[in-house]
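Only one structure is covered here, and it is reproduced in the block below.
The values are calculated or read from the model by the stated rules, or taken from the named source; none is laboratory data. These numbers were taken from a predicted model, which means no experiment stands behind them. Reconstructed Cβ throughout: ideal geometry from the backbone, glycine too, with neighbour counts over all protein chains shown.
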Amino acid sequence: QKEVEQNSGPLSVPEGAIASLNCTYSDRGSQSFFWYRQYSGKSPELIMFIYSNGDKEDGRFTAQLNKASQYVSLLIRDSQPSDSATYLCAVKATGRRALTFGSGTRLQVQP
Amino acid sequence: GAVVSQHPSWVICKSGTSVKIECRSLDFQATTMFWYRQFPKQSLMLMATSNEGSKATYEQGVEKDKFLINHASLTLSTLTVTSAHPEDSSFYICSATPPQVLLPYEQYFGPGTRLTVT
């Protein structure tokens, strides 16, 4: 079992729709959870982090965390073509300083 | 936000030569930096954790004699790929975490260095 799992996609949504990206993790003691956006040929860019159960909103982005289900999600409202990228879920697991990354979900927003 | 730079942004070298990549935290001190490698269409794979003033901690399967890491100051870590081979061609990315004692321990990434070994 991978430590952090994501559906590779591509996830295709029309412009203006809500994109929902999901991530599960195996270490129940994980403390912090991150969503990064990575455009092709570029390095990851931090979008949001969350470490408490529930929802956290920042502009068009909402991160949701359910530690009991070991599940993290990212919602992107009013999706734009510029949101088309690979979204990486990252987890800070117990006893590790480095983050563990999922394989990423490729999002395509159709104009 | 925290800014991390890398140099060079891309490099082409011949097989058998060595290449040094620099990672700098520009507006904060980073006692710990991380080096990742990313092959096309794959996720980031942690290579090593670079600790200021001490030896790096390498992930399983990463050759420490091939990938030399030096963390000489609180703002600079270097990765040297020694005796490079074509299979070392990849996108190398460093990251750093600002000093803090509370969550969330976010990491900020440098822009990456694309290495091509011919």
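Before moving on, here are some points about what is shown:
- Restricting attention to region B:31-77 and to residues that are within 14 Å of chain A (Cβ to nearest Cβ) and among the basic types (Lys, Arg), the residue that is farthest from B:Thr17 (Cα to Cα) turns out to be B:Lys41.
- Some residue of region A:21-40 being farther than 22 Å from B:Arg37 by Cα, in contact with a Leu (Cβ under 9 Å, 6 or more places away or on another chain), in contact (Cβ under 8 Å) with a residue 40 or more places away in the chain and surrounded by 21 or more Cβ atoms within 10 Å (Cβ to Cβ): yes
- Single residue of region A:74-86 satisfying the filter (buried (at least 18 other Cβ atoms within 10 Å of the Cβ) and not β-branched (Val, Ile, Thr)) that is farthest from the other protein chains (Cβ to nearest Cβ): A:Ser79
- B:Ala2 of a type in the set (A, V, I, L, M) and assigned to a loop (DSSP other than H, G, I, E, B): yes
- When region B:7-21 is filtered for residues that are touching a His at 6+ places or on another chain (Cβ under 8 Å) and surrounded by 17 or more Cβ atoms within 10 Å (Cβ to Cβ), only B:Ile21 remains.
- One residue stands out in region A:87-111 among those that are away from every other protein chain (no Cβ under 12 Å) and buried (at least 19 other Cβ atoms within 10 Å of the Cβ): the one that is farthest from the chain's Cα centre (by Cα), namely A:Val109.
- Taken together, B:Ala84, B:Ala56 contain a single residue that is among the small types (Gly, Ala, Ser), modelled with pLDDT of 90 or more, within 18 Å of B:Gln29 (Cα to Cα) and surrounded by 13 or more Cβ atoms within 10 Å (Cβ to Cβ), which is B:Ala56.
- Among the residues of region B:64-81, those identified as buried (at least 19 other Cβ atoms within 10 Å of the Cβ) and over 10 Å from the mean Cα position of the chain (by Cα) are B:His71, B:Thr75, B:Val81.
- Look at (1) of a type outside the set (Lys, Arg); (2) away from chain B (no Cβ under 12 Å); (3) at negative phi and you find that A:Ala63 fails only one, number (2).
- Restricting attention to region A:1-34, the residues that are under 11 Å from A:Leu74 (Cα atoms) and away from every other protein chain (no Cβ under 11 Å) total 6.
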